[in-house]
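The values are calculated or read from the model by the stated rules, or taken from the named source; none is laboratory data. Since the structure is predicted, the reported quantities are computational estimates derived from the model, not experimental observations. Positions of Cβ are generated from backbone atoms using ideal geometry, with glycine treated the same way; all protein chains shown enter the neighbour counts. What goes into the accessible areas is simple: the full protein's heavy atoms, side chains included, and nothing from ligands, DNA or RNA. Shrake-Rupley method; radii C 1.70, N 1.55, O 1.52, S 1.80 Å.
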2 protein chains.
Amino acid sequence: MNEMTNEICTIKEMCDLYKVTPRTLRFYESKELLFPIREAQRRLFTRRDRARLKLILQGKRFGFSLEDIRQLLNLYDIGDQQKTQLAKTYELATQRLQVMIEQKNELASAIRDLKEMLQWGKKVLDSRGINIGMPKN
Amino acid sequence: MNEMTNEICTIKEMCDLYKVTPRTLRFYESKELLFPIREAQRRLFTRRDRARLKLILQGKRFGFSLEDIRQLLNLYDIGDQQKTQLAKTYELATQRLQVMIEQKNELASAIRDLKEMLQWGKKVLDSRGINIGMPKN
DNA sequence: CCTTACTATTACGTAAACGTCAACTATGAC
DNA sequence: GTCATAGTTGACGTTTACGTAATAGTAAGG
């Protein structure tokens, strides 16, 4: 190990660190989400790539598409020069939040409905002497 | 209109009633989810088909796949003869409920995280005199 | 030198749930 | 007869985020 090994890492190390497959990292590169440097054919991922990957994974959790994420990362990269761009990012995230809240509400209502159906089903089954357990919520 | 027109309806009427496209209904038929009768090439959807379609749409809300739904519908059709089958349906629904609850929790936590990020972003933007509004939750 | 472990590129496959399009057919209106 | 309207089948396209070979190059260890 030479000085500052932790500055760059191989594809395998990245995979272990972030629980992704090599295919995924190559795919992200092809989609211009990551820009590993090349050392004789091999990819070397920098601190910057790791930071970006973290954001990518977060973004996925939030339900952003990879294309959305790419654009957001570009905005970050262009940097804090243009307020419009920061505000734009903020706005996009806000919209996503709204969607997520709606999804959560719809999901909650679907859960209620399904629970109701299950209780009804349980009655039927009980009345026939069939025994089952309810979910432990 | 002859006696009991509301017994059967055309594909168009189905589409209007349930807000689906003709393609969708034909697709469901091809997947053996619906069994409209044929009157010289045309499909005629019966009360049974409408009942099934309602269940299909409900099932989709609950996140069941069409294949899951098909099997569940078959179980319902076979009817209340075999307790094992009823119990099986019940179990499947219970499992789905668990998954939905987990999804809701993950979604809730993602919402919390995103809100946090937004608050952080708001601070940055505020500190630069850029004005925006927070979501009304 | 040989094996083993890693990595690379290219390209086709996958999943779900339809959309889209082409080419017919049937029906009623005029 | 013929135009318009609706319906039909069949086949291929779409989307997203990778998976899965197949093939080949390279570097380290023994």
Quantify how strongly other chains surround peptide B:85-92 by giving the mean number of their Cβ atoms within 10 Å of each of its Cβ atoms.
3
What nm distances, shortest first, do you get from the label point of B:Gln58 to those in the other copies when the point sits 7 angstrom along Cα to Cβ?
4.2
Quick one: P(r) of segment B:1-62 from all Cα-Cα pairs, 10 Å bins, percents rounded to integers, in order of increasing distance.
22, 60, 16, 2
Work out which residues of segment B:24-62 lose at minimum 40 square angstrom of accessible surface when the other protein chains are put back, relative to the chain isolated, with a 1.4 angstrom probe, and list them by number.
B:Arg61, B:Phe62
Each label point is 7 Å from the Cα along the Cα-to-Cβ direction; what then is the distance between the points at A:Arg61 and B:Ala51, in nm?
4.6
Sorted by accessible area with a 1.4 angstrom probe, largest first, how do A:Asp16, B:Asp113, B:Asp49 fall?
A:Asp16, B:Asp113, B:Asp49
Give me the percent of the accessible area of segment A:7-78 that comes from carbon and sulfur atoms, probe 1.4 Å, all protein chains in place.
54
Mind checking how much accessible area B and A bury in total, 1.4 Å probe, in Å² rounded to 100?
3600
Using label points projected 7 Å from each Cα along Cα→Cβ, tell me how many nm separate A:Lys19 and A:Gln103, to one decimal.
1.8
Using a 1.4 Å probe, what is the accessible area per residue for segment A:7-78, in Å²?
60
For peptide A:111-118, compute the average count of partner chain beta-carbon atoms within 10 Å of each residue's beta-carbon.
5
Apply the Karplus curve 6.51 cos²θ - 1.76 cosθ + 1.60, θ = phi - 60°, to the phi angles in segment A:94-100 and return the couplings in whole Hz, x for Gly and Pro.
4, 4, 4, 4, 4, 4, 5
Net +/- balance of residues flanking A:Asp49 in space, Cβ distance below 13 Å, scoring K and R +1, D and E -1:
+3
